[in-house]
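Trainee: Got a structure for you, written out below as structure tokens; questions coming shortly.
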Amino acid sequence: MANSEDQMDKHLQSAIFGAPVLHPDEQHRNLGTFHERIDVGITFTQALMRDYSTELKSEMAAHPDYQLLLHGLLDEDILNRYVKLANQQHIRFAIRNDLMYQHTPTSLAIA
């Protein structure tokens, strides 16, 4: 009986607050993924300083099964540059727009 009540409580908690997330701060800083899953990470500060197309292109060629993650708050010209690159290299990409993803100078803008 107690086991059934525990399961019901977990179900209710999940319905009210959402599914529990492992290391939420890390995922919010890293566009929804874990640090150890990132091959190349570019912060907002770095993305504003220079173009990383050459480095990303070589990584895309070496790992065609990887996915490019872009923060939706990147400047439009920067965002368009990397979307175009992903399309040219036939790499999957996702633009993360959720407010939970951090937008600080040291959080990732590109992964």
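Trainee: Anything in region 89-99 that is surrounded by 12 or more Cβ atoms within 10 Å (Cβ to Cβ) and assigned to a strand (DSSP E or B)? List them, or say none.
Mentor: First, pick out the residues of region 89-99 that are surrounded by 12 or more Cβ atoms within 10 Å (Cβ to Cβ): 89, 91, 93-96.
Residues satisfying the conditions are Phe93, Ala94, Ile95, Arg96.
Trainee: Tell me which of these Thr54 doesn't satisfy, since it passes every other one: (1) surrounded by 15 or more Cβ atoms within 10 Å (Cβ to Cβ); (2) at pLDDT 90 or above; (3) β-branched (Val, Ile, Thr).
Mentor: Single failed check for Thr54: (1).
Trainee: Separate question: Considering region 61-88 alone, what residues qualify as being open to solvent by less than 50 Å² (accessible area, probe 1.4 Å) and over 17 Å from Gly41 (Cβ atoms)? If you could, list the steps in order and put the result at the bottom.
Mentor: If we filter region 61-88 for residues that are open to solvent by less than 50 Å² (accessible area, probe 1.4 Å), which is where we start, we get 68-72, 74, 78-79, 82-83, 85-86.
Val83, the sole residue that qualifies.
Trainee: While we're on this one: Looking at (1) touching a helix residue (DSSP H, G or I) at 6+ places or on another chain (Cβ under 9 Å); (2) modelled with pLDDT of 90 or more; (3) not acidic (Asp, Glu), find the lone condition where Phe34 falls short.
Mentor: (2)
Trainee: Separate question: Which one of Gln102, Gln46, Gln7, Gln27 is open to solvent by 80 Å² or more (accessible area, probe 1.4 Å), of a type outside the set (D, E, K, R) and either at pLDDT below 75 or part of a helix (DSSP H, G or I) (or both)? Talk me through it step by step, then tell me what you get.
Mentor: On the way: Gln102 fails: open to solvent by 80 Å² or more (accessible area, probe 1.4 Å); Gln46 fails: open to solvent by 80 Å² or more (accessible area, probe 1.4 Å); Gln27 fails: open to solvent by 80 Å² or more (accessible area, probe 1.4 Å).
Result of the check over Gln102, Gln46, Gln7, Gln27: Gln7.
The values are calculated or read from the model by the stated rules, or taken from the named source; none is laboratory data. Here the structure is a predicted model, which means the values were calculated and not measured. With ideal geometry, Cβ positions are generated from the backbone for all residues, glycine too; neighbour counts draw on all protein chains shown. In case anyone asks, the SASA skips ligands and DNA or RNA and just uses the protein heavy atoms, side chains included. Shrake-Rupley method; radii C 1.70, N 1.55, O 1.52, S 1.80 Å.
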